[in-house]
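Right, one structure below, let's go through it.
The values are calculated or read from the model by the stated rules, or taken from the named source; none is laboratory data. Note that the coordinates shown come from a computational prediction; the quantities given were computed from them, not determined experimentally. As a convention, Cβ positions derive from the backbone with ideal geometry for all residues, glycine included, and neighbour counts pool all protein chains shown. Note: accessible area is taken over every heavy atom of the protein model, side chains too, but ligands, DNA and RNA are not part of it. Shrake-Rupley method; radii C 1.70, N 1.55, O 1.52, S 1.80 Å.
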Amino acid sequence: MTTADPRQAPAGTAAAGPTDRIAALRPAYRADLADGTDRFFHPRRTDCPWCTSTALRTRLHTTDLLQHKPGRFALDTCEDCGHTFQNPRLNDKGLEFYYRDFYDGSGEERLGKTFAGRAALHRKQAGSVLPHSPAPRSWLDVGTGHGHFCATARDVFPGTEFDGVDLSQGVELAERAGRLRRGLRGLLPELAPRLAGQYDVVSMLHYLEHTTDPGRELASAHQVLRPGGLLLVEVPDPGSRFARLLGRWWLPWLQPQHLHLAPAANLHRRLEAIGFTVVAEQHGEAHDPIDLLAAGWLLLDHLAPREDAPWHPDGPGVLRRILRPALLLAGAPLLIAAALLDRLLAPIAGRTGLSNAYRLLARRTT
Ligand SMILES: [Zn+2]
């Protein structure tokens with residue numbers, strides 16, 4: 001990782017700055033996009049992936065509001081069970097394309113700082129297990145990213161061994177940095193047979209919504225837990241009032257990464273059906289008070305897109321370079337007001353249906 005000042009780095013050298021890094025990535029993105037984005041999707045489904053009902057309605061059309069990569073995305077909701085899902089859904093090529101340079105690559109440094117600053121939230125998530133399992137021996141965090149949750153959870157459970165699973169290289173960095181005992185790179189359903197019955201706790205924090213088959217992930221969690229072990233799941237709540245209020249500007253829609261958003265009742269029923277007993281369901285406690293601030297930010301970022309990115313065919317024009325700082329400055333009071341309102345509403349989020357996430361804790365009983 002270079003520490004050179006990008007303004008002084010000559011173009012094309014190893015110490016190249018962000019502009020040169022973007023230019024270096026641009027040809028690969030240009031080749032990927034040469035035939036458009038249709039090839040990134042499966043055919044559109046005509047039935048609900050959760051309950052197979054064919055009573056579907058489109059809930060939302062949107063674009064990639066975070067990275068601003070090209071492409072359009074739709075979320076459908078099942079009229080019978082309430083499951084909300086991306087339709088048509090990204091295929092493997094599409095997932096690779098839209099995840100590239102987000103958690104790894106050029107986005108890694110930025111996100112690493114974001115997640116490292118989430119310790120208070122991680123402490124609360126870990127703490128929700130404490131009354132039901134005060135001293136677990138082993139814990140598997142699925143979708144662990146760079147292992148920051150485990151690093152914080154160790155403060156709450158000092159005697160526990162933490163392993164992590166993730167598709168990205170972050171999990172290997174996390175093991176080397178000592179945040180994980182073992183960093184397992186791969187997909188849980190593929191790793192589960194050799195991890196069978198090994199864990200006292202499995203956590204899936206904002207993970208299931210990213211997976212192509214949440215039911216299969218839950219079955220794998222059941223497999224890797226010891227009988228009596230606990231599964232902690234936290235996911236965005238598609239039933240949140242903020243989701244309706246903010247429409248496509250609601251951050252937890254997070255297109256195109258979030259493929260499945262299950263209402264709490266669906267997840268509850270599925271867990272009970274596969275051999276778990278739900279011991280706690282929390283709504284207000286899982287709320288992350290960022291909805292209004294994030295919506296304001298996404299809107300401003302949409303109106304005046306950021307300086308440059310490798311998936312844009314060319315570098316930024318003069319107008320964009322001037323417009324963005326001006327708009328962000330003008331929008332600053334709006335963002336401050338939004339952040340204050342988020343804070344004010346946080347204590348009543350659970351009671352008022354505003355909570356943007358929910359948490360289920362379930363014990364493996366069979
Ligand atoms: Zn359904």
Exercise for the section: Note down the magnitude of the dipole of the stretch 230-366 about its Cα centre, charges +1 on Lys and Arg C-beta and -1 on Asp and Glu C-beta and zero elsewhere, to the nearest 20 debye. Expected result: 220 debye
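For the chain, what is the mean residue ellipticity at 222 nm derived from helices alone (per DSSP H run of n ≥ 4: -39500 (n - 2.57); sum divided by total residues; nearest 500 deg cm²/dmol)? Let's see the in-between values first.
Numbers: 13 runs with 138 residues, N = 366.
My calculation for the chain gives -11500 deg cm²/dmol from helical runs alone.
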Handout entry: Förster radius 41 Å - calculated FRET efficiency between Arg351 and Leu303, Cβ distance, rounded to 0.05
Key = 0.75
Handout entry: Simple label model, 7 Å out from Cα along Cβ direction - Ala28 to Leu344, nm
Key = 4.7 nm
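Averaged over every viewing direction, what's the projected area of the C-alpha convex hull for the chain? Give it in nm², one decimal, please.
Spelled out: convex hull of the Cα atoms, projected over all directions, averaged, 19.1 nm².
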Practice task
Return a whole-number percent for the relative contact order of the chain, with Cα pairs under 8 Å and 6 or more residues apart as the contact set.
Solution key: 17 percent
Completion exercise
Cysteines of the chain without any disulfide-compatible partner (other Cys Cβ under 4.7 Å) are Cys150
Handout entry: Average accessible area per residue (Å²) across the chain - probe 1.4 Å, nucleic acids and ligands excluded
Key = 47 Å²
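Where the accessible area of the stretch 245-315 is counted over protein heavy atoms with a 1.4 Å probe, how much of it, in %, is carbon and sulfur?
Details: 1680 of 2700 Å².
Whole-percent figure for carbon plus sulfur exposure: 62.
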Exercise for the section: With a cut-off of 17 Å, note down the residues of the stretch 34-61 whose backbone N falls inside the zone around a label point 7 Å from the Cα of Asp92 toward its beta carbon. Expected result: 39-43
Completion exercise
By accessible area (1.4 Å), largest first, Arg89, Arg44, Arg72 order as Arg72, Arg44, Arg89
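Given a Förster distance of 25 Å, report the FRET efficiency between Ala119 and Leu191 from their Cβ-Cβ distance, rounded to the nearest 0.05. Before the final figure, lay out the partial values.
Numbers: r = 27 Å, r/R0 = 1.09.
The calculated FRET efficiency here is 0.35.
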Fill in the blank from the handout: Here the gain from full extension of Arg216 to Asp155, 0.36 nm per residue of separation minus their alpha-carbon distance, amounts to 18.9 nm
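Write down the percent of antiparallel bridges among all DSSP beta bridges whose residues are both part of the chain, to the nearest 5. Intermediate results must be reported in sequence, preceding the final value.
Working: 26 of 45 bridges.
The antiparallel proportion sits near 60 percent.
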